[in-house]
Amino acid sequence: MEYQVKNISPNNFEQCIKCTICTAYCPVLAVNPDYPGPKQAGPDGERYRLKNPEFYDKALKYCLNCKRCEVACPSNVKIGDIIQMARLDYDKKPVPLRDWTLANTDFVGSMATKMAPIVNTVLKMPIVKKAMDVTIGVDSHRQFPAYAGRTFESWMKKKAPDQSVYARQVSYFHGCYVNYNYPKLGQDFVKVMNAIGYGVRLLEKEKCCGVAKIANRLVKEAKRDAELNINSIRKAVMEGHAPVVGTSSTCIFTMRDEYPHLLGVDNSDVREDILIATAWLYRLMETEGVKLVFRPDYKARITYHTPCHMQKLGWTIYSVSLLKSIPGVDFVPIESQCCGIAGTYGFKKENYAYSQAIGKDLFEHIKEANVDFVATDCETCKWQIEMSTGVPVYNPISVIADALDVEATRRANGLV
Amino acid sequence: MKYNSIIIGGGLSGLLAGIRLAKAGQKVAIISSGQSALHFSSGSFGLLGSVDGHSVTNPVEGIKNLPAVHPYSKVGAEKVISHAAEVKNLLSEAGLTFKGDATANHYHLTPIGRCRPAWLTLDDYATCEDLAAIKWKKVAIINFKGYLDFYPEFIADELKKKGIVSVSYTLSLPDLERLRKSSSEMRATAIAKYLKGDNLDLFATEINRVLTPDIDMVLIPAVVGLDSEKPLVDLRSKVKAPLSCVPVIPMSVGGLRCQMALRRYFESLGGVYFLGDSVSSGYMKAARMVSVETVNLAPVSLFADNFILATGSFFSHGLVAEPHKVVEPVFNLDVRVPSDRDEWFRKNLFEAQPFMEFGVDTDPQFRVKKDGKVIENVYAAGAILGGCNPLKEESGAGVATVTALEVADLILNQK
Ligand SMILES: Cc1cc2nc3c(=O)[nH]c(=O)nc-3n(C[C@H](O)[C@H](O)[C@H](O)COP(=O)(O)OP(=O)(O)OC[C@H]3O[C@@H](n4cnc5c(N)ncnc54)[C@H](O)[C@@H]3O)c2cc1C
Ligand code: SF4
Ligand code: SF4
């Protein structure tokens with residue numbers, strides 16, 4: 001009996017019954033026959049790799065780490081984790097400059113912010129895009145997200161005194177995108193939180209969540225950042241500024257699940273305190289009676305795109321329920337499908353065509369839905385959908401902030 | 001989160017119950033850990049094909065000979081048949097065309113060309129009214145180069161036994177050649193993803209090229225039509241002879257299509273489907289379930305007036321075998337399992353295996369029990385019920401769907 005207990009691997013790979021359900025739901029396998037597919041790349045390949053690392057197949061790099069295989073697996077095999085661990089453990093090739101640049105979102109972001117107008121112009125220039133395509137392999141179809149002239153962190157520093165006035169506090173993990181590219185989303189978050197009586201504070205120290213570093217095999221750097229983030233989160237939780245919420249499903253997913261599974265960083269004491277903003281808001285409304293009041297003149301026809309990591313977290317219901325609760329929203333459901341970008345994956349020249357092929361059906365569904373905009377909790381999905389459909393994409397928190405009647409909300413929550 | 005009914009398990013049984021309840025105006029949520037046994041369906045659903053080793057031609061008659069513990073005996077023969085008719089309607093509303101009827105079994109071709117009794121078969125697949133009446137004279141069996149999950153030789157042998165001549169052809173298409181690169185993944189569902197649009201036209205042209213005028217049936221592996229029936233309808237219209245599919249080694253394209261179509265239909269009725277989440281525990285007050293918690297949504301609980309447990313059997317972890325006991329892992333409900341492990345199985349693999357009949361204990365209304373006491377608002381449906389041997393009886397999908405509609409009705413008719 002004991003031998004059964006001892007034979008359980010952290011990734012459940014021995015639980016695989018070879019049913020092949022995962023292969024039917026892998027978005028890459030459907031467009032790229034060079035990819036061995038989740039079953040072969042994951043539990044099957046692992047048996048060989050355990051015997052001899054020579055069996056490592058470099059085609060594993062095509063995995064998006066979308067975890068749709070895990071969601072479908074009836075045997076709870078952590079297929080995506082097995083594949084990512086194999087990449088980290090067995091792929092010993094040096095990380096190329098292009099991957100290093102794409103992965104170091106915070107370093108590159110902080111440099112670019114300082115020179116935002118120049119960088120934005122330069123990155124848009126066809127000749128530069130062509131040059132990046134040819135020299136380092138960043139696909140020239142991609143539009144780099146523009147860098148803001150001023151980081152969200154510096155905006156927050158100014159706001160800190162106003163925020164500390166609130167009796168209740170929440171910590172915000174802004175992530176690289178809000179900090180360097182789109183501070184407006186962070187500002188929207190502050191607006192919503194203030195309206196329900198919460199002050200927002202930042203973590204003592206925040207580094208990139210590390211998703212791009214993990215995807216580009218910069219394990220040591222990712223682990224260092226992860227430890228720093230978890231220590232800051234732990235401190236915030238202990239000081240009572242729990243939970244720590246974010247507006248990017250990928251950052252949140254990475255800190256909750258990839259830290260312990262892929263980087264070996266223990267977060268068990270604070271994992272439940274790391275939440276996506278919509279999940280937390282929903283919970284406040286359900287358990288604490290918090291209310292949101294919306295402007296009667298707000299009108300929009302919208303759909304929600306489920307990012308793969310939101311699907312894996314199982315939290316789509318929170319964002320969708322909040323959006324649907326806005327009286328002026330005409331909600332059009334669409335099927336949950338991968339958009340194909342998977343963070344830095346779609347920026348790489350060798351992946352661009354696959355990326356677009358994966359998202360093709362989704363793009364068509366979005367265009368057919370005839371909506372004013374798409375809501376989604378992930379910034380890279382936003383870039384991909386905007387580029388591929390021309391339909392604007394906003395974070396649900398921005399939608400809520402836009403539709404919110406701040407004064408009425410404050411009154412409804414007994415704040416005035 | 002509050003619902004009228006919460007269904008745990010989103011396979012054939014959970015989905016059918018969900019559709020029935022949502023159609024009646026209920027607010028319904030389905031929570032499903034992973035994908036279901038439907039993905040392995042042969043494309044045929046069995047209601048009752050055999051009792052005690054004797055084949056059944058009319059399930060209505062067969063049901064009368066079943067033991068009292070059998071789910072059909074609890075539902076009652078008449079209601080089994082009326083539910084079965086309703087199941088066919090619901091499947092059709094979901095966009096799935098089935099042939100067959102509950103009052104007379106037909107026969108479908110198995111992957112090795114044998115004939116087995118069935119209740120409903122997806123329109124794609126080869127069937128016959130009765131064993132003696134296959135009308136084909138000459139059959140063309142088509143396979144793809146490098147595809148290993150389909151057995152033309154076995155099929156040809158079986159056809160020969162019935163006096164039917166057959167010829168086999170192996171075709172190849174450029175895109176499928178690309179698929180062969182990763183041989184382990186040249187599976188039915190992967191092929192189906194490529195067999196549409198231009199590739200489908202090419203396939204039809206290739207088939208027509210090998211056809212001779214005396215061929216009156218083309219049999220292909222069941223690898224067409226993942227998202228809908230349309231690709232197969234198109235293929236049939238382009239091929240110059242009647243064409244049908246033969247089931248292959250799973251994943252089943254037809255089964256997957258059923259799963260997706262039923263889920264879409266359920267969601268279009270306003271149902272909420274949580275995929276990849278598991279119910280981990282329940283909160284009870286006296287003899288009633290008040291709410292359940294899931295792995296992903298905790299600490300938010302899901303409340304409902306009624307709950308349906310449709311978590312399947314061992315394959316889907318609705319039941320879990322430990323070395324010396326079998327448990328229902330969500331609520332630790334009472335199960336009907338002999339305490340002596342030696343009585344769980346027979347050494348001859350091909351005998352009827354007792355473990356196939358294991359299931360949760362219920363009252364006559366399919367309400368589950370814990371520590372001997374009935375939980376008043378928790379019903380069980382589908383494979384988790386046990387009390388039958390779906391494999392030997394050919395009754396798997398029948399039990400799953402009939403009991404689903406039965407418990408949905410019990411919920412809707414509550415005072
Ligand atoms: C391999 C195989 C092939 C079969 N082929 C046929 C066939 O061709 N024809 C036929 O008539 N019958 C067939 N059957 C019989 C089959 O049992 C029924 O047809 C039917 O599909 C059973 O449906 P179900 O909904 O009861 O269970 P399942 O399809 O097993 O679904 C149960 C669902 O519950 C989910 N679940 C389990 N635990 C939890 C939890 N704690 N929280 C949330 N969700 C949970 C699982 O992930 C799963 O999706 C086959 C069975 C198997 C195993
Ligand atoms: S779905 Fe899970 S059990 Fe099935 S083959 Fe894939 S990993 Fe194995
Ligand atoms: S994580 Fe996504 S891309 Fe990778 S194997 Fe699984 S389904 Fe395929």
Distance cut-off 26 Å, Cα to Cα: go down the list B:135/B:392; A:191/A:299; A:207/A:312; A:360/B:181 and report the pairs above it.
B:135/B:392
So how long is each side of chain B along the principal axes, counting just the alpha-carbon atoms, biggest first, in Å?
72, 43, 40
Residue-wise, which Karplus ³J(HN,Hα) couplings in Hz belong to segment A:28-36, taking 6.51 cos²θ - 1.76 cosθ + 1.60, θ = phi - 60°, and x for glycine or proline?
6, 4, 5, 10, 10, x, 6, 7, x
I'd like the FRET efficiency for residue A:58 and residue A:364, computed as 1/(1 + (r/R0)^6) with the beta carbon distance as r and R0 of 30 Å, rounded to 0.05.
0.40
Over all pairs of different Cα atoms in the protein assembly as shown, the reciprocal of the mean inverse distance gives a Kirkwood radius in Å of 28.7 Å
Distance from a point 7 Å along Cα→Cβ of residue B:93 to each backbone N in segment B:7-30: keep the residues under 15 Å and list them by number.
B:15-28
Which cross-chain or sequence-distant (5 or more) residues have an amide H under 5 Å from the amide H of residue B:171, H modelled 1.01 Å from N in plane?
B:143, B:144, B:145
When the label point is put 7 Å from the Cα of residue B:287 along its Cα-to-beta-carbon vector, which residues of segment B:315-349 have a backbone N closer than 13 Å?
none
Would you mind working out the magnitude of the charge dipole of segment B:330-415 relative to its Cα centre, with +1 at each Lys and Arg C-beta and -1 at each Asp and Glu C-beta, to the nearest 20 Debye?
160 debye
Go through A:263-275, A:184-196 and give me the packing order, highest mean Cβ count within 10 Å leading.
A:184-196, A:263-275
Residues A:49, B:180, B:257, sorted so that the one with the fewest Cβ neighbours within 10 Å comes first:
B:180, A:49, B:257
If I model a spin label as a point 7 Å beyond the Cα along the Cα-Cβ vector, how far apart are those points for residue B:249 and residue A:321 in nm?
4.4 nm
For B:36-42, mean number of other protein chain Cβ atoms within 10 Å:
2
The computed P(r) of segment B:206-283 puts the percent of Cα pairs beyond 21 Å at 48 percent
Expressed as a fraction of 2.2 N^0.38 Å, the rule-of-thumb size for a compact globular protein of N residues, what is the C-alpha radius of gyration of segment B:158-271?
1.19
Mind giving me the FRET efficiency for residue A:295 and residue A:235? R0 is 51 Å, r the Cβ-Cβ distance, nearest 0.05 is fine.
0.85
For chain A, build the convex hull from the C-alpha positions and give me its volume per residue in Å³.
150 Å³
Estimated distance in nm for a label pair at residue A:335 and residue A:48, the labels positioned 7 Å out from Cα along Cα-to-Cβ
3.2 nm
Relative contact order in percent for chain A (Cα pairs under 8 Å, 6+ apart) equals 16 percent
Just to be sure I understand the model, the point goes 7 Å from the Cα along the line to the Cβ. What's the resulting residue B:110 to residue A:34 distance in nm?
4.3 nm
Taking segment A:152-288 and dividing mean pair separation by its residue count, relative contact order in percent (alpha carbons under 8 Å, at least six apart):
24 percent
Going fewest to most other Cβ atoms within 10 Å around each Cβ, B:80, A:237 line up as A:237, B:80
Residue-wise, which Karplus ³J(HN,Hα) couplings in Hz belong to segment B:388-397, taking 6.51 cos²θ - 1.76 cosθ + 1.60, θ = phi - 60°, and x for glycine or proline?
8, 10, x, 6, 6, 8, 6, 10, x, 5
Dipole of the protein assembly as shown, Cα-centred, from +1 at each Lys and Arg C-beta and -1 at each Asp and Glu C-beta, to the nearest 20 debye?
1700 debye
Peptides B:290-298, B:304-312: what's the order by average Cβ count within 10 Å, highest mean first?
B:304-312, B:290-298
What does the structure give for A:29-37 when I average, per residue, the other chain Cβ atoms found within 10 Å of the residue Cβ?
5
Cα-only Debye scattering, segment B:16-61: base-10 log of I(q)/I(0) at q = 0.19 Å⁻¹
-0.84
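FYI, it's all coordinate maths here, none of it is from the lab. Being a predicted model, the structure only gives us computed values, none of them experimental. Cβ atoms come from the backbone with ideal geometry, glycine included; neighbour counts cover every protein chain shown.
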